[in-house]
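K.L.:
I have a structure here, written as structure tokens, and I will follow up with some questions on it.
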Amino acid sequence: MDIFADGAREAWALLTRGDAVTWHAIWLSLWTSVLSVMLAAPFAVPLGAWIGLSKPRSQYTWVFLFRLGVGVPTVALGLFLYGLFSRRGPFGDLGFLFTPQAIVIGEVLLAFPILASLSHAAAANLDPRVLETVRTHGGGRLLAVRLMVSETRAALVAAFLLAFGRCLTELGVAIIVGGGYELRTRTLPAQVSLEISKGEFGKAAAACLVLVVLAFGAVIVAWFLGQERKR
Amino acid sequence: MTSRRRLLALALAALSLGAVSCGRSDPAGGGARTIRLSTTTSARDTGLLEVLLLEFEKDTGIEVLAVSVGTGEALKHGERGDADVVLVHARKAEDAFMTAGHGVERRDAWWNRFVIVGPANEAVEKRYRETLAAGGSAAPSASAYLRAVRDAGAMFVSRGDDSGTHKRELDLWTAGGAKFERWVGYRSTGQGMGPTLTIADEEDAYTLVDEGTWLKMRKRLRLGVRSTGDPGLENPYGIILPRADGPTGPRSAAARKLVEWVTGPRGRDVVRSFTVDGERPFFLPGETPPPGP
């Protein structure tokens, strides 16, 4: 039980002291997760939305693929990207391995299916008169998607926050293609894992505390936005 | 329903009986059958520990449960009585442990060497040769080699995890009162020797590695040994009998047996004949080893 007390105390000390390693991990985790969601969204949301609105014959194939993407183990994705970016791999010369860019690439691939499948769900549940309205006014796909986005805004924000949460808390990609370099590519989950294997439970609990606060924070915000939609 | 419940109760009783009888009981003559050893990762990762403990169990019937933690943690285990024997490679810390009265006895177990591995980098080699020439000595200097790596702007990957290897790396950086300064090519992984070595290989970077792990992994790597032979790279292991169980406790007798066996003829035989990829990574106290791998 003293692990938690030590952890809380250590967390406070590390944060208030401005410990560079901890603050870097917080900053790295936040900016890679936000950027990954922002990069995936312009492609994932319109795709999912359009499939949900137009309901083509291939609709459920798409939904199935999105769900596969949501279920991919992060270590499998990490290993796959490692194979691509390793010196011996096809894209080794690009120098992505063990850089924050590699982490972002992996997290974009994690965020995409979440955003696509939730956008699809929001669009599919939309009143069909919305699409009809767009068509009668001679509007194309783009207008339909834009209208859908404004109608389902709360659901989409929730989707963004869930994708953000997935990126923030994942470990497989960060450690395998990130390498866990201190002050360069060590995200919060990587920090927790590495401190535990060093036997530094206080420091691990400290990083874990910050991570949980951020992750739960995203869930709580998504929850309240969802409630707003039900009104 | 009642008969099914009775069957379940019977099954549960049988299981618990089975579980209880699985424990080893102390023989009437005293001395435990299972003792705990706290050690660090390099003896375990090379496979030496497994062989030693297997042979020990064959000879004495005592099972040793080994756990690998950091040096500091292993010594703490000894202090608190969480370990019956401690095996580490940190002489200063071991001496402090004994001086503080936590140990009954400390013996030299064996020793190994560290090597600096890295890519073929002529700029680094040139700087190193110049440093040696300026110092007037031809003897290999690991510290001078590390400084050549830094000054040439090459990349170095550190364990960065407060391990014995990491501590040795820092000792080399600060040898002769020098200050340790990171440079743009310095990386700290915070991970074990295996992952750190793999990362260094990926990055075509230099790193400090114990010979055992190096011999095990070198076939798969592009890196080569760049600096070896400096006495500062020698790494002695000490085996300690902690005081916590008291000199006459049951586990202490078995623990003493382990300490005596490891430093006795049988243990020394095992260490002497232990090879990885055709070479010996571990040497006995007082032995003069062949030149590096």
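The values are calculated or read from the model by the stated rules, or taken from the named source; none is laboratory data. If you're wondering where the values come from, they're calculated on a predicted model, not measured in any experiment. All Cβ positions, glycine included, derive from the backbone under ideal geometry; neighbour counts span all protein chains shown. Remember, those area values only see protein heavy atoms, side chains included, never the ligands or the DNA or RNA. Shrake-Rupley method; radii C 1.70, N 1.55, O 1.52, S 1.80 Å.
K.L.:
State whether one or more residues within segment B:164-183 are acidic (Asp, Glu), closer than 23 Å to B:ALA120 by Cα and open to solvent by 40 Å² or more (accessible area, probe 1.4 Å).
P.N.:
No, segment B:164-183 contains no residue that is acidic (Asp, Glu), closer than 23 Å to B:ALA120 by Cα and open to solvent by 40 Å² or more (accessible area, probe 1.4 Å).
K.L.:
Ok, one more. Given the structure, is A:THR16 within 29 Å of A:LEU209 (Cβ to Cβ), buried (at least 18 other Cβ atoms within 10 Å of the Cβ) and not aliphatic (A, V, I, L, M)?
P.N.:
It is false that A:THR16 is within 29 Å of A:LEU209 (Cβ to Cβ), buried (at least 18 other Cβ atoms within 10 Å of the Cβ) and not aliphatic (A, V, I, L, M).
K.L.:
Looking at the structure I just gave you, is A:LEU77 in a helix (DSSP H, G or I), away from chain B (no Cβ under 14 Å) and open to solvent by less than 40 Å² (accessible area, probe 1.4 Å)?
P.N.:
Considered against the rule, which asks whether it is in a helix (DSSP H, G or I), away from chain B (no Cβ under 14 Å) and open to solvent by less than 40 Å² (accessible area, probe 1.4 Å), A:LEU77 comes out as yes.
K.L.:
Let me ask something else. Here is a list: A:VAL37, A:VAL63, A:VAL45. Which entry is within 30 Å of A:TYR181 (Cα to Cα) and either part of a helix (DSSP H, G or I) or of a type in the set (Asp, Glu) (or both)?
P.N.:
That would be A:VAL37, the only listed residue that is within 30 Å of A:TYR181 (Cα to Cα) and either part of a helix (DSSP H, G or I) or of a type in the set (Asp, Glu) (or both).
K.L.:
When you scan segment A:202-214, do you find a residue that is more than 14 Å from chain B (Cβ to nearest Cβ), within 30 Å of B:HIS77 (Cβ to Cβ) and surrounded by fewer than 19 Cβ atoms within 10 Å (Cβ to Cβ), even just one?
P.N.:
yes
K.L.:
Right, next: Hand me the list of helices (runs of 4 or more DSSP H) wholly inside segment A:120-231 holding 2 or more residues that are closer than 27 Å to A:VAL108 by Cβ and among the polar types (S, T, N, Q).
P.N.:
It comes to A:188-197.
K.L.:
Does any residue of segment B:144-158 turn out to be in a loop (DSSP other than H, G, I, E, B) and surrounded by 23 or more Cβ atoms within 10 Å (Cβ to Cβ)?
P.N.:
no
K.L.:
Give the residue that is modelled with the lowest pLDDT, with candidates limited to residues of segment B:217-254 that are polar (S, T, N, Q) and either open to solvent by 10 Å² or more (accessible area, probe 1.4 Å) or under 16 Å from B:ALA32 (Cα atoms) (or both).
P.N.:
B:THR248
K.L.:
Hey, among the residues in segment B:160-180 that are under 14 Å from B:HIS89 (Cα atoms) and not acidic (Asp, Glu), which one's nearest to the other protein chains (Cβ to nearest Cβ)?
P.N.:
Only one residue tops the list, namely B:SER163.
K.L.:
Only residues that are away from chain B (no Cβ under 11 Å), aliphatic (A, V, I, L, M) and either farther than 22 Å from A:TRP50 by Cα or in contact with a Pro (Cβ under 6 Å, 6 or more places away or on another chain) (or both): list them for segment A:144-192, please.
P.N.:
Within segment A:144-192, A:VAL145, A:LEU168, A:LEU171, A:VAL173, A:ALA174, A:LEU188, A:VAL192 meet the criteria.
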